[in-house]
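K.L.:
One structure, as structure tokens, below. Some questions next.
The values are calculated or read from the model by the stated rules, or taken from the named source; none is laboratory data. Predicted model, so just to flag it, every value in this text is computed and none were measured. Methodologically, a virtual Cβ is constructed for each residue, glycine included, from the backbone with ideal geometry; neighbour enumeration extends over all protein chains shown. The protein model used for the area step is the full one, side chains on, heavy atoms only, and it has no ligands, DNA or RNA in it. Shrake-Rupley method; radii C 1.70, N 1.55, O 1.52, S 1.80 Å.
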Amino acid sequence: MPLVASTYYNLVLHDGPAAFCAALRRAGVDGLIVPDLPVHEADELTDVAAAAGIEPALLASPATPQPRLAEISDRSRGFVYAVSLMGTTGERAALAASAAQLTERIRRVTDRPILLGFGISTPEQAREARRHADGVVVGAAVMRRVLDGAGPDDLRVFLTTLRQALDQE
């Protein structure tokens, strides 16, 4: 299973993209999400990451214009990260209505896998998201469990329920 890291661009810049990507590769990381990196500033990092064997995934939102979706898809390598809603990440009661339309718009410009994230908090939401996307990104729901004291076994159980929900589709 591929391991994907997510970080902010200031951490990439601290020692430089080459050193950062080399460290990720040594750690066994396969992909990289940098949510605050706009596509028009991504050239250096995407080139360095590719040379290091790291697949960058850029973010596309419901407000992203269609021509920019094509550019984001072209510069992403492993997958395109579809941000299901406008706003901040975090757990939600339901999958955003904008998720289906966004994934449809991205599919028009790429054959890369699309992973849907932001607000996916439950196995039911993951299953619904899988109807539109090739996979899901679940961050806040995992982090809340960690902050609430969940250990590795607790996380394994939660992640297993997500995996089982995805496999039902």
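K.L.:
Are any residues in the range 1-20 of a type in the set (Gly, Ala, Ser) and either exposed (fewer than 11 other Cβ atoms within 10 Å of the Cβ) or assigned to a loop (DSSP other than H, G, I, E, B) (or both), and if so, which ones?
P.N.:
Of everything in the range 1-20, just one residue is of a type in the set (Gly, Ala, Ser) and either exposed (fewer than 11 other Cβ atoms within 10 Å of the Cβ) or assigned to a loop (DSSP other than H, G, I, E, B) (or both), namely GLY16.
K.L.:
Further question: Check GLY135 against each of (1) within 19 Å of the chain's Cα centre (by Cα); (2) open to solvent by 60 Å² or more (accessible area, probe 1.4 Å) and name the one condition it does not meet.
P.N.:
Evaluating GLY135 over (1) within 19 Å of the chain's Cα centre (by Cα); (2) open to solvent by 60 Å² or more (accessible area, probe 1.4 Å) leaves (2) as the failure.
K.L.:
Name the single residue that is most open to solvent (accessible area, probe 1.4 Å) among those in the range 103-115 being touching a Ser or Thr at 6+ places or on another chain (Cβ under 8 Å) and in a loop (DSSP other than H, G, I, E, B).
P.N.:
Only one residue tops the list, namely ARG112.
K.L.:
Within the bounds of the range 116-129, is there any residue that is open to solvent by 30 Å² or more (accessible area, probe 1.4 Å), in a loop (DSSP other than H, G, I, E, B) and of a type outside the set (Val, Ile, Thr)?
P.N.:
yes
K.L.:
In the set SER73, SER98, SER84, which member is at pLDDT below 90, hydroxyl-bearing (Ser, Thr, Tyr) and closer than 22 Å to GLY31 by Cα?
P.N.:
SER84
K.L.:
Need pairs with beta-carbon distance below 6 Å; first residue touching a residue at least 24 places away in the same chain (Cβ under 8 Å) and within the range 10-33, second among the charged types (D, E, K, R); sequence gap 6+ or separate chains.
P.N.:
Final answer for the pair search is PRO17/GLU44; GLY31/GLU55.
K.L.:
Same structure, new question: Could you pull out the residue among LEU32, LEU24, LEU13 that is more than 26 Å from GLY119 (Cβ to Cβ), among the hydrophobic types (A, V, I, L, M, F, W, C) and in contact with a strand residue (DSSP E or B) (Cβ under 8 Å, 6 or more places away or on another chain)?
P.N.:
Answer to the selection: LEU24.
K.L.:
Quick test for you: out of ARG68, ARG25, pick the one residue that is in a helix (DSSP H, G or I), crowded, with 16+ Cβ neighbours inside 10 Å and among the charged types (D, E, K, R).
P.N.:
ARG68
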